[in-house]
1. Once you've got the Cα coordinates, tell me which of Lys60/Lys139; Lys292/Lys313; Lys301/Lys334; Lys47/Lys238 are over 18 Å apart.
2. Select from the range 291-340 those GluC sites (Glu not before Pro) which occupy a DSSP coil region and have at most 12 other Cβ atoms within 10 Å, ordered by residue number.
3. Whole-Hz Karplus ³J(HN,Hα) for the range 134-146, in order, using 6.51 cos²θ - 1.76 cosθ + 1.60 and θ = phi - 60°, x for Gly and Pro?
4. Treating the beta-carbon of each Lys and Arg as +1 and of each Asp and Glu as -1, no other charges, what is the dipole magnitude of the range 103-163 about its Cα centre, to the nearest 20 debye?
5. Tell me, what is the Rg over Rh of the chain, with Rh the Kirkwood radius over Cα pairs?
6. When a/c reaches 1.5 or more, the comparison of a/b and b/c decides; with that in mind, is the range 1-90 rounded, prolate or oblate per its Cα gyration tensor?
7. If you filter the range 29-102 for trypsin sites (Lys or Arg not before Pro), then keep DSSP loop positions with at most 15 other Cβ within 10 Å, what is left?
8. Just to confirm a number: summing +1 for Lys and Arg and -1 for Asp and Glu over residues other than Ile112 whose beta-carbon lies under 13 angstrom from that of Ile112, what do you get?
Amino acid sequence: MMKNGYDDIIKMRLSNHGFLHKDDRIELSQLLGIQAQFFTYASYSAKIRHIELGIDDVFKAWTLRGTMHIHDISDYSVFIHEDLISPYMKDFWNDEAIVGKRRKSFFCDIIIHCVSNGIGDKKSIIDQCTEMGMTETEKGELFNSWGGLPRFLVETGKIVLQGSSDTKYAIAPCLTRMRRSQAEVEQLRRYISTYGPVTIYDMMYFFRWNKSKCVKYICEIDYRRLNIQGEEFYYIDKNYGDSDRENDVIVFSGFDPFIIGYEKKNSIIIKQKDIRDIFLLQGVIRPTLFWKDSIVGTWWKTKKIVNIKFFEKLPCEIRERIFEMLENLIGDEKIEFNVL
């Protein structure tokens with residue numbers, strides 16, 4: 001794993017993610033947000049990077065890969081840009097089989113009125129819509145598990161989903177939204193800067209863009225390249241410091257940016273034999289354990305039990321360090337460990 005220059009790639013990535021030295025820091029905006037279907041996982045990813053997720057400082061939206069991410073509110077126009085609306089939401093809005101567009105517009109106005117008057121939690125909004133005549137059938141369609149009308153209003157820049165474990169909404173910032181191409185170039189620049197060095201296939205995987213789109217946008221960014229075993233890696237030049245890492249062990253959360261930021265089939269830190277223990281068939285990406293230059297295990301919590309599966313035999317002192325880091329991350333000294 002540490003051969004043929006890949007050790008340099010790993011060191012540079014660790015530095016860009018803020019893990020190379022104990023005093024390193026990174027901002028939420030540099031990460032292009034954190035995937036947040038499970039808010040606890042997002043909180044863990046933020047905690048290990050010393051990022052504060054203040055409810056008024058962040059927002060959640062279906063911004064990258066069609067999945068829920070939490071972002072810094074100052075980056076609102078970078079991610080809620082013009083023409084953001086997803087194919088799914090276009091289909092949702094245009095589908096009049098259950099609820100027509102006029103009826104949808106009527107309830108959109110109610111939602112905006114509620115949020116404008118401080119009624120931001122989902123249950124209270126649904127209650128208000130019910131009082132205004134929403135039927136159970138309409139409720140099932142307009143507030144479905146994929147986001148429904150509130151998601152439509154988020155993607156069209158009317159309201160924001162607040163950055164908390166609860167489903168609460170606020171009025172969107174009054175900002176001029178960036179053009180789509182301008183926003184996407186900025187996203188790619190940040191991606192190469194923070195996740196780099198990355199391959200073109202990493203970019204395609206992260207953004208779900210085709211190759212030609214990635215190549216087109218790369219031309220608008222000031223970058224450098226590394227060639228390792230005939231493969232091009234793109235990065236933005238900066239001072240990466242010395243090569244002696246102070247942080248050998250990292251406990252990653254599920255869906256952590258350092259794990260999902262790269263094309264998994266060509267991962268330089270995950271052995272192919274371990275992929276199915278991390279990327280489950282149900283779409284869940286388990287929390288992982290990193291040591292030296294690779295992922296050496298996975299973990300998951302069930303009530304007060306933390307299950308751990310090591311992929312290789314580790315020194316006793318490293319195992320003990322992992323247990324201690326898990327206790328600190330979870331914030332519960334009474335948890336028990338179950339090593340499988």
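1. Values: Lys60/Lys139 22 Å; Lys292/Lys313 14 Å; Lys301/Lys334 13 Å; Lys47/Lys238 25 Å.
Pairs exceeding the cut-off: Lys60/Lys139; Lys47/Lys238.
2. Values: sites: Glu312, Glu317, Glu320, Glu324, Glu327, Glu333, Glu336; in loops: Glu312, Glu333.
Passing both the DSSP loop test and the Cβ count: Glu312, Glu333.
3. Values, residue by residue: 5, 8, 5, 5, 5, 4, x, 8, 6, 10, 6, 6, 8 Hz.
4. Numbers: 7 positive and 8 negative charges, 32 e Å.
Computed about the Cα centre, the dipole is about 160 debye.
5. Working: Rg = 21.6 Å, Rh = 21.7 Å.
Here Rg/Rh amounts to 1.00.
6. Values: a/c = 2.35, a/b = 1.61, b/c = 1.46.
Prolate, because a/c is 1.5 or more and a/b exceeds b/c.
7. On the way: sites: Lys47, Arg49, Lys60, Arg65, Lys90, Lys101, Arg102; in loops: Arg49, Arg65.
Those satisfying the criteria are Arg65.
8. On the way: positive: Lys104, Lys158; negative: Asp109.
In short, +1.
Read the figures in this text as sums done on the coordinates, not as results from a lab. For clarity, every value in this text was computed on a predicted model and none was experimentally measured. When we count neighbours, we look across all protein chains shown, and the Cβ atoms used for this are built from the backbone with ideal geometry, even at glycine.
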